[in-house]
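Taking it in order: structure first as structure tokens, then the write-up.
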Amino acid sequence: MAFNVLGLTDETERAYAVLVGLPRATARELADACGLSTPAVARLLTALVNNGLAMRATGRPPRFTAVAPDVAVTALIRRREEQLGEARLLVHQLMDAHREASRISHPDMPVELLTDRTDVIAAVRRLTAEARREVRVFDRPPYVDRPGSNFEGQIQRQRAGVAHRVVYDRAAVALPGRLSDDILPSVRAGEQARVRAELPLKLVICDSRDAVIHFSLAPGGQSAAYLVHSSPMLVALESLFEAEWERAVPVSVTGQTPPAGTPEEPAADGPDVETRHLLTLLAAGLTDAAIARVQGWSERTTQRRIQRVMAQLGAPTRFQAGLLAARRGWL
């Protein structure tokens, strides 16, 4: 029967359905209509009243009227949803206790599985907050948390002497506003940032002690992750980070960005800030359209500036422009 999911028995549901069409009925009248004994119906009526499905009028004998189904059943559904919410919360609490107990029982277990978005966010924030030497990150979309949401926490850690090295995937840099509103302010605050055309995974390593590997990519962000403790697996992840770091292109914020409309004159000892940013994006492999979105230029302006930089460097191709810029120390 339909009301079983709401915690009602088949007989209770049947009594309510009959009472809907038999307002102000006594227990005996409802018993006759249901084909049940009066004591049995009296018990069912008590259950209906307790669940908000019926009202009892005073008098002798007392009469009962069904509460309107849209009101009564909706309230019952809401109550069941609250109970299910409490049950889910209890499950999460028990899972936390189970994971902690597993770690205590198996202290050598190097990997934990985090299967809830809030658990992933909490783990990353806890580990980075506890870092004392260095935080290393592979940054690529999609995201569990909003990029830059913990900027102030990172600033405080850097002031306390915790180094931050971040390798950004090309797709992360290409997000509108990400470079100017998040990455460059972080670099100005002390973050060491580099860009790679493509990163193999999302990763956070804290103090060579713990790491978080995000996986199960989904449109709404990461739905699960591995929490890796000190082990050969963590050593392998550190080696992977260092290899990608060496191949990545540094992000520079030397100098000041000229106001809009100001003629672009390269500094005597190298390019201006916009040209450095352009070279960084070119080296990261962004298309002209992606660079235009990041820099807020038109595609025609982007292509014109790329040609100007190539001519300045004496490079016949974009790839050679990146090599020559790196040799001159412009990247």
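Points to keep in mind about this one:
- Between Ala54 and Val49, Val67, the built amide H atoms are under 5 Å apart, and every one of these is 5 or more places off in sequence or on another chain.
- Heavy-atom accessible area ranking, 1.4 Å probe, most first, across Tyr143, Tyr16: Tyr143, Tyr16
- Residue order by solvent-accessible surface for Thr65, Thr317 is Thr317, Thr65, largest first, with ligands and nucleic acids left out and a 1.4 Å probe.
- For region 1-94, the solvent-accessible area with a 1.4 angstrom probe is 63 square angstrom per residue.
- Taking every alpha-carbon pair under 8 Å whose residues sit at least 6 apart, region 135-249 reaches a relative contact order of 30 percent.
- Think of each Lys and Arg Cβ as +1 and each Asp and Glu Cβ as -1; about the Cα centre, that makes the dipole of region 106-206 roughly 360 debye.
- Integer Hz, Karplus 6.51/-1.76/1.60 couplings in order for region 17-26, x for Gly and Pro: 4, 5, 5, 4, x, 9, x, 6, 8, 7
- By accessible area with a 1.4 Å probe, ligands and nucleic acids excluded, highest first: order of Glu29, Glu242: Glu29, Glu242
- Trypsin sites (Lys or Arg not before Pro) restricted to DSSP loop in region 11-99 with at most 15 other C-beta within 10 Å: Arg24
- Inter-label distance, Asn50 to Arg328: 8.5 nm, where each label sits 7 Å from its Cα along the C-beta direction.
- Gain on full stretching of the segment that runs from Leu201 to Thr301 - 0.36 nm per residue minus C-alpha separation: 32.7 nm
- The orientation-averaged projected area of the convex hull spanned by the Cα atoms of region 1-95 comes to 6.9 nm².
- Taking each residue as 0.36 nm, the span from Arg146 to Met233 lengthens on full extension beyond its C-alpha to C-alpha distance by 28.5 nm.
- 3J(HN,Hα) from dihedral phi, region 42-57, Karplus parametrisation 6.51/-1.76/1.60, rounded to Hz, x for glycine, proline: 4, 5, 5, 5, 4, 5, 5, 5, 5, 8, x, 9, 8, 10, 9, 8
- Euclidean distance between Cα centres, region 184-218 to region 131-166, Å: 8 Å
- Phi-based couplings in Hz for region 155-172 (Karplus 6.51, -1.76, 1.60; Gly and Pro marked x): 4, 4, 5, 5, 5, 7, x, 8, 6, 10, 10, 10, 9, 9, 6, 3, 5, 5
The values are calculated or read from the model by the stated rules, or taken from the named source; none is laboratory data. The model shown is predicted, which means the values in this text are computed figures rather than measured ones. All Cβ positions, even for glycine, are placed from backbone atoms using ideal geometry, and neighbour counts span all protein chains on display. Just so you know, the surface numbers come from the protein's heavy atoms only, side chains and all, with ligands and any DNA or RNA stripped out. Shrake-Rupley method; radii C 1.70, N 1.55, O 1.52, S 1.80 Å.
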